Each structure stands twice: as structure tokens, then as C-alpha cells.
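Chemist: I'd like to ask you about the structure that follows.
Rule-based calculations on the coordinates, nothing more; no lab input. As the structure is a computational prediction, the values presented were derived from the model and not from experiment. A quick note on method: Cβ atoms are made from the backbone with ideal geometry, for glycine too, and the neighbour counts reach across all protein chains shown.
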Amino acid sequence: MAAQAQALPQPRRRFGDIGFAVCIAAIIVVLFLPIPAFIVDMGLAASVTLSILILMVALWIERPLDFSAFPMVLLVATILRLALNVATTRLILSHGAEGQHAAGYVVGGFANLVMAGDFVIGTVVFVILLTVNFIVITKGATRIAEVGARFTLDAIPGKQMAIDADLSAGLIDDAEARKRRTELELESSFYGSMDGASKFVRGDAIAGLIITFINSFGGIIIGVTRHNLDFASAADAYIKLTVGDGLATQIPALIVSLGAGLLVSKGSNRGTAESAILRQLGGYPRAMIVASGLLFLLAVMPGLPFLPFAVLGAGLVAASIAVSRGRLNEEIARQERQAESDASKSTAERTSAKELLRTSEIELSLGRQLTGILLSNQSELAHRVAKMRKKFAQQFGFIIPEIELSDDLNLAPKNYSVKIHGTLAASYELRPGEVMVVTAGRKPPTAPGDPIKEPAFGLEAMWVPDMFAADLKAEGFNTFDIMSVMLTHLSEVIRNNLAQLLSYRDLRMITESLEPEYKRLLDEIVPSLLTFSTLQAILKLLLAERVSIRNLQFILEAIAEVAPHVRKPEIIVEHVRIRLAQQICGDISAAGPLHIIRLGGRWDVTFMQSLKRDNKGEVVEFDLDPKALEAFAQDASRIIKPALDSGNSFAVVTTPEARPYVRLIIDRIFPNLPVLSHLEVSKAANLSVIASLS
């Protein structure tokens, strides 16, 4: 049996609800039954304590809903004060003639402290406190509560729709939606309750005034008729106690009214009242400086005291300096936190699967030794890379992607490599502590060095120790340090891969920057005649031969002319090149004569015979005999190589029909050598024929 009794669940004992009910019952009992003076003192002290606690909670809560029980607490505090008013009234009328402490020591203490022995002073102070509470604080808090309740109730449908929309869009889950709906219900009920609870405070003030008047009038009558006091003695005794009682109840009422005003006026501000007020009132150092200047001006005005205004002005100046320094420290801390956050995000991205799958558009990888040398002067490297990207944008009409620098332990210590979209495009070995001298077409310098091929153009060059740099310049040679060699090579690699670097995103960005008239022209072309992908293919074909697309307006005009009749990008490009003849020739000649190598009559005939056409006369096939192809390559090498060694810019000129195929063959032997058709030679060009391929 004992074991069974222990196994049975024991009921939980909770005394909080019983205690609260007993307290409410005790308040009600006070309204009807006479109670001793010392219990009245305890009740008045409890009323003061409760009002101070309410004010402190109103100051410290983060948002009004955190004190959603305030209307109930306000009702309890109001009933407690009214019950104590009734109890003290009973004591004053019953024992008022016995002396100052007839209604308890709290009432007598307030009467003596505030009135200083003169009931007239106490009456004036009481009326002022009642006026402040009734007309200023209570009336303002009531109005704020009314407006808050009205606007809150009006906004409920919109907020409910916003919650449903977020739930439908998947921005929140069911639990979050239920939480928001609960908060919305609490908010509406809170402001509705505050609207009604504010009437308690207003009614309490009115009741206090009426009770005071009744106590004073009734006490004088009782003193004169029952205790045989003269009118002046009765008025002095009973009015002192009555005003003391009013002060003992109205001061807590004033404190509670202030707490209610702070609570309903908080509105949408988050945080404690102190933080909200100081953050906004003391958040403008310039305003405090101007205010301090006005205070100093008042301090020196004749007839006004100097010390108070001067002290307050100095305080505002100190506060302004403190706020400015605090903001500076907060900004520094915020930047540090942001840097840490960015670093953590960068680390997370580098280690994520998505980052592992991403390939850089342009990546410059350095060996271990080059990393220590070049990245130690990273500011100059970054400046020169930025300058290179700007030059490419001006020259070719679009911004090349960011160049990502990295160190690669798989490379030799003195090597670097350039990757385009993750694929190795070029690599080379540098020699720290030496300079490069280009010797193509010149007698080698007297300084000791190792002959090599420079990486960008394949010209004859030498590595020479940098101690001989002054001697080399004296002999008329230009020297290049390892950073210049690497960046020149990188620039040439980028030129060779411009077509791969023009992305769809770049195309959209370029077209968005067009003038309105050309945007309308683009709308006529795309998508009715061509797609954006086809337009991108046309621009890529131009960039593949290093033809700049900076004059996109001319390119669009040329495309608009031929696009209604031809859709093949290769054919459209040939027409665009004719329209860009002056630009192409100007870029090759660089404001000088246009040096050209003509295709001789023999090869012109050979290439024309190799073009196979359909019934419409369009070229459908290029069929050149392998022996003829080998012979052409030999002739081209024999004629073009000396011209390249001279260092002058030139182009090969052929017929329009054969140009794409001649360029295809020559590009395999001499990459990036311009090949023009006769129609692409500008009329304004100053031609200089340097050789003939025959």
C-alpha cells in the first residue's frame, strides 16, 4: 500500500493564484470594513511601491507588448488606491480630531512633509499635482491610446494579408506564421485594452478630487458638531489630513500615469526608453554644439546667472565629443565585424562545392618565388592591372573580367601561368634579379646574358643581370623588369582570347548603355531578325580577329542592313567589316601608312578556284589541294617572317570571297596577323605595299 501510495502522482501545490485572489478580496474588504491605521500605512506603502515598479518596468521593456498585462495591473493599482482612499476617509472622519497621525503615519508624514505645517500650501500643491496628472499626463496618454488602438485595428487586415502572402511565397513556415498571427492578436487586444484602461487613470484623478472635497467638507462639519471645535481648528485639523491623504494617493497615481504615458508613446521604437530617447535626442552632435552655443550666449547675458547655463553648455559640448568618438569607434568596430564576416563568407565560399565548381575567367597563377617577389609590391601590380583593364575597355569596347591572382605550388618557383576559363593559355619562366632586352633585328648588347624568346610576341631577346641595366640603356636598348614582361605577356594572351571573354552578361551590359535611338534599332533587330546569341556570335567573330566593337552603333547599323537577307553570322561579319573599314585600317596603321602584303595573282586564282558555290552563287565549300596549301604556307613564311622581324604593323590583303579562308590558313602560321579584303581597305588609308605573296 505504501508503495502504491508513493507511485501515485502527487498534486502540484500552487499558491500564487490563491495569494492573488486573497489580495483582490482583501482590497474589496477594505472598501466596506474599518481597518487599523497601521494596515492603512502598509497599504499606502504597497501602493507607492507598485507605482514605482510599474514606472521602472515601463522604462526598461523593449516593446509595449512585453508589458501586455499593463491594463490589468493598472486596474488593480487603481482599485487599490480607491480602497485606500475609502479607508483613510473613514479614519480621518472618525479620528481626525485626535491629531496629525489619526489616519496613519504615511498620511501624516505626507501632510507634514509637503505642507510644512500650513494646509494652504498643501492644498495648492495638491491641486497642482492633480492638474498635472489630470490635464497633462492622463489626457495625453488617453489620446495616444485611442489613436494607437484605432490605427492598430485598421491595420490588422493588411498585416494579416502580408503574413498570408509571405507564407504562400515560402518566405516563412507555418510556425512563424502562427507566431506572427499571435503577435498581431496580442497587439490589437493590447491597444484596445489600453484605450479602456486609460479611462481608469482619468477616473482615478476625478475620484481623488471628489474624495478630497468630501473629506474636507465632511471633516469640518464633524469637527464642529461632534468634537466641539471651532471652524478654524476643525479646518486646520481635517484639511491637513485630507490633503495628506490626497497626496499619498495622487503621487502614486501620477507615477502610474507617467508609466502609462511612456508605455503607449513608445510606439514602434524598440529597446528601452533610455536607449530610444538618448539614441535619438543625443544622436546629433552638431545640434548639441549649436545648443551649447546658445547656452553660453545666455550665460553672458546681463541679469542671468552665469554658472547654470555655462555648466550645461559645457556638458553639451562634452556630450557632443563623446557621441562623435562613440560613433567613430562603432564605425571602426562595424567595419571590423564586416571584414570578419566577409572573411568568413569568403572562406565558406572557397570551401563550398559551388566554389570548387567555379572557374575564373582570367587567372594569373604565380610560382612560390614569384609570389614572394611580386605580391610584396601588390599595390603597383594592382594599379598596373587596373590600368590594363581600362585600356582594354577603351580599345575594344567592353570591360574584361577581373584578373584573379593566385599562388600555385605545382608551378616551378620562377614560373607563372595564365588560364582562361580554367584552361591553360600560356606560361613562362621569369628570372628575378635580371632584366629582359629585345634584340630582334639588332646586334646583341655587349653585356653578358642568355638569348631567349620573349613570351608575348616570340621575338629574339636576352636575359641580362639588372646590374648592367644602365649600360644597356646607354647602348640604346630598352630594358623590361619581370613584372613588365609578365603583364605584357598577360595582355597579349587576353588579346588572343577576347572572343572567349565576351560573355552574354557583358553583351547585355553594353546594349543597356546604348543611346535611346540605338536601343530602338536594337529592338528592331532582336529578336525579329536575330537572337541575342547570334548578335553575341557576330561580336565574338569580330573580336577573334582583334576588331574592336567600341563603335557598336556602326555595327548595329551594318547588321540592320544585311540581317533581313542573311542570317549566317560569318556572312554578316564580312559585311560589318566593310562598314568598319576606316576603323580597322586606322587600328592597324596607328596614324601612319598602312603597310600591306598583297596576295599575288597566282594565289588569288588558286583560292578563287577552290571556292565551291551552290546554284545561288553562295560559297558552300573550300577545297584546296594539300600540295597547294603546303606551297602557300611556304611562300607565306618566306615573305611574312622578314616583315614581322622588322617590327612594323602590316596586313595581308586578298579578295573578299577568299579572305576568311586565307585568314584561316595564315592564322595557323602567324597568329593574329590581320587579313583584309580589298573592300576593307579604307579610301583614306595611305597604302604602302611592302611585299607580294606570289
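Chemist: Over the Cα atoms, compute the radius of gyration (one decimal) and Dmax (the largest Cα-Cα distance, rounded to a whole number) for the stretch 500-693, in Å.
Modeler: 17.8, 54
Chemist: Order of 632-639, 673-680 by packing, highest average Cβ count within 10 Å first?
Modeler: In decreasing order of mean packing, 632-639, 673-680 become 673-680, 632-639.
Chemist: How do 521-533, 20-32 rank on mean C-beta neighbours within 10 Å, highest first?
Modeler: 521-533, 20-32
Chemist: At 0.36 nm per residue, minus the direct Cα-Cα distance, what do A382 and D635 gain on full extension? Give it in nm, one decimal, please.
Modeler: 86.7 nm
Chemist: Using r as the Cβ-Cβ distance of V224 and T131, and R0 as 22 Å, what FRET efficiency do you calculate, to the nearest 0.05? Before the final figure, lay out each step's value.
Modeler: Working: r = 30 Å, r/R0 = 1.36.
It comes out at approximately 0.15.
Chemist: Right, something else. What FRET efficiency comes out for K390 versus A287 if R0 is 35 angstrom and r is the Cβ-Cβ distance? Round to the nearest 0.05.
Modeler: Once the sixth-power term is evaluated, E becomes 0.20.
Chemist: Specify, per residue and in Å³, the volume enclosed by the convex hull of the alpha carbon atoms belonging to the stretch 362-498.
Modeler: In the stretch 362-498, the Cα hull volume divided by residue count equals 118 Å³.
Chemist: So how far apart, in nm, are the two label points at E402 and A440 if each is 7 Å from Cα heading toward Cβ?
Modeler: Label at E402, label at A440, 3.4 nm between them.
Chemist: What is the packing order of peptides 413-420, 453-460, taking the mean over residues of other C-beta atoms within 10 Å and listing the highest first?
Modeler: Put in order of decreasing packing, that is 413-420, 453-460.
Chemist: Between the stretch 484-521 and the stretch 417-442, what is the C-alpha centre distance in whole Å?
Modeler: 24 Å
Chemist: Further question: Using only Cα atoms, locate the centre of the stretch 615-659 and the centre of the stretch 12-90, then give the distance between them in Å, rounded to an integer.
Modeler: Cα centroid of the stretch 615-659 versus Cα centroid of the stretch 12-90: 105 Å apart.
Chemist: Name the residue from L514, L529, L693 whose Cα lies farthest towards the positive end of the charge dipole of the stretch 500-693, charges +1 on Cβ of Lys and Arg and -1 on Cβ of Asp and Glu.
Modeler: Going by the Cα projections, it comes out as L693.
Chemist: Using θ = phi - 60° and the Karplus relation 6.51 cos²θ - 1.76 cosθ + 1.60, list the HN-Hα couplings for the stretch 374-387 in order, rounded to whole Hz, with x at every Gly or Pro.
Modeler: Those phi angles translate into 6, 6, 5, 10, 5, 5, 5, 4, 5, 5, 6, 5, 5, 5 Hz.
Chemist: List the residues of the stretch 645-666 whose backbone N lies under 19 Å from a point placed 7 Å from the Cα of K568 along the Cα-to-Cβ direction.
Modeler: 655-665
Chemist: Let me ask you something else. Under 5 Å between amide H atoms, partner at least 5 residues away or on a different chain: which partners does V435 have, H built in plane at 1.01 Å?
Modeler: V464, D466
Chemist: Subtract the Cα-Cα distance of A69 and I373 from 0.36 nm times their separation in residues, and report this length gain in nm to one decimal.
Modeler: 102.5 nm
Chemist: Would you mind ranking L304, L580 by Cβ crowding within 10 Å, fewest neighbours first?
Modeler: Details: L304 11, L580 22.
Going from sparsest to densest Cβ surroundings: L304, L580.
Chemist: In addition: Just to be sure I understand the model, the point goes 7 Å from the Cα along the line to the Cβ. What's the resulting Q160 to E517 distance in nm?
Modeler: Once both label points are built, they end up 5.8 nm from each other.
Chemist: Okay, moving on. If I model a spin label as a point 7 Å beyond the Cα along the Cα-Cβ vector, how far apart are those points for F622 and R505 in nm?
Modeler: Taking the simple label geometry, F622 and R505 are separated by 3.4 nm.
Chemist: So what J values fall out for the stretch 327-342 if you push phi through Karplus, 6.51 cos²θ - 1.76 cosθ + 1.60 with θ = phi - 60°, rounded to Hz, Gly and Pro as x?
Modeler: Those phi angles translate into 5, 5, 5, 5, 5, 4, 5, 5, 5, 5, 5, 5, 5, 5, 5, 5 Hz.
Chemist: Shifting gears a bit: Could you state the number of Å between the C-alpha centres of the stretch 549-573 and the stretch 310-345?
Modeler: With the stretch 310-345 and the stretch 549-573 each reduced to a Cα centre, they are spaced 58 Å.
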